[in-house]
Amino acid sequence: MDGKIPEDLKERAYQGKSTKEDGLLLLGVPPFELFRFADELRSLIAGDTVTYVVNRNINFTSRCVGTCGFCAFRTNTGRVLSLEEIMGKVREAKQAKATEICIQGGLLPDVGLNFYLGIVETIKAEFPEMHIHSFSPMEVYHAARTSGVTVKEALLRLKRSGLDSMPGTAAEILSDRVREIICPAKLRTSEWIEVVSQAHATGIPTTATMMYGHIETLEERIDHMLIIREIQKKTGGITEFVPLPFMPYNNPVGEKMMKESRYATTGLEDLKNYAISRILLHGHVDNIQASWVKLGKKLAQFALHCGVNDLGGTLMEESISRSAGASNGEEISVEELEWMIHGAGRVPKERTTLYGRASELFSGNPKKPRCGVSE
């Protein structure tokens, strides 16, 4: 390759038809050539606008029966927040003008679906307008199995209780080879796809994530992105793609890596990953989000020139990344987020979880993804 992206590859990207071979070829493109093309595609979709959401994370427990080797958050003895404690945090979020609550927690051994329904119903009873973006595919799978119901039934009941959308976490790398090593007790690739696809069929949009930079191959990263694209082509229910660099601190997978003199991903590798995801997902998933918690604020700002058009949320209380060694803070103000966006030469815009204007949340006409509804 002469350092340029082949014109036929660009044409396939414009048409949303990039191939796996294209993805592998892009890995060898000089970084700034790659960034320029990803930024061009971003501009076609988002113009100069960079979005963010005012939200709050609530992790109701660190206690978990899981055995994921990458997790630094899990404990055997952590306490479980009461409903009143959860509501106290929701009230604080409301006072801070948050429009979204993101609730996740460890997998409790004998806790089934009613526990999750109770959280959703209690929040909606006091704050019917608050968007509840909660419970990973693994949590839904675990709750359904513990309660002896199908995933579809669990999702229908969560939807009726007021669940608005789900984080597409627990994806890690969608390769059973990788999952068998880093999270053997977690749901398999096909099961993750099924939970997410069923959520979309039920009218529950999701995000999609990818935790990269541990034991996966570069080819497996490309495969992961293309799996996300295939889900989106079938359901239209994915609101954003969020690549998450692995934090190798305070967990067994990271400790093993560092003994082998392998550390966290480099900033350049992170930026290339964002750029390639923009190119491969163009025409299917419009929003590529950078995690300022994982990347740090300055690298997240630079990612806005590498295909990224969203900086996620203000968070208020981020604890999972922090426990794995992230040192970029637990929350960020709207003012600082907008300062970062302006500093990158972009125009900030507060959004709802589903990428409508925040003001639409109160007008009853939020923008919605095109996933099917089957209640």
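Some observations on this one:
- Residue in segment 272-294 that is out of contact with any strand residue (DSSP E or B) (no Cβ under 7 Å at 6 or more places or on another chain) and surrounded by fewer than 17 Cβ atoms within 10 Å (Cβ to Cβ) present: no
- Looking across segment 184-242, just one residue is more than 22 Å from GLU21 (Cα to Cα), in a helix (DSSP H, G or I) and in contact with a His (Cβ under 8 Å, 6 or more places away or on another chain), and that is THR235.
- If the condition is being farther than 30 Å from LYS17 by Cβ and modelled with pLDDT of 90 or more, then segment 295-327 contributes GLY296, LYS297, LYS298, LEU299, GLN301, GLY313, THR314.
- Index of the failed condition, ALA171 passing every other in (1) in contact (Cβ under 8 Å) with a residue 24 or more places away in the chain; (2) closer than 30 Å to SER333 by Cβ; (3) assigned to a helix (DSSP H, G or I): (3)
- Condition met for ALA98 (in contact with a helix residue (DSSP H, G or I) (Cβ under 7 Å, 6 or more places away or on another chain), closer than 23 Å to THR209 by Cα and either modelled with pLDDT of 95 or more or buried (at least 18 other Cβ atoms within 10 Å of the Cβ) (or both)): no
The values are calculated or read from the model by the stated rules, or taken from the named source; none is laboratory data. All of these numbers come straight from a predicted model, not from anything done at the bench. Reconstructed Cβ throughout: ideal geometry from the backbone, glycine too, with neighbour counts over all protein chains shown.
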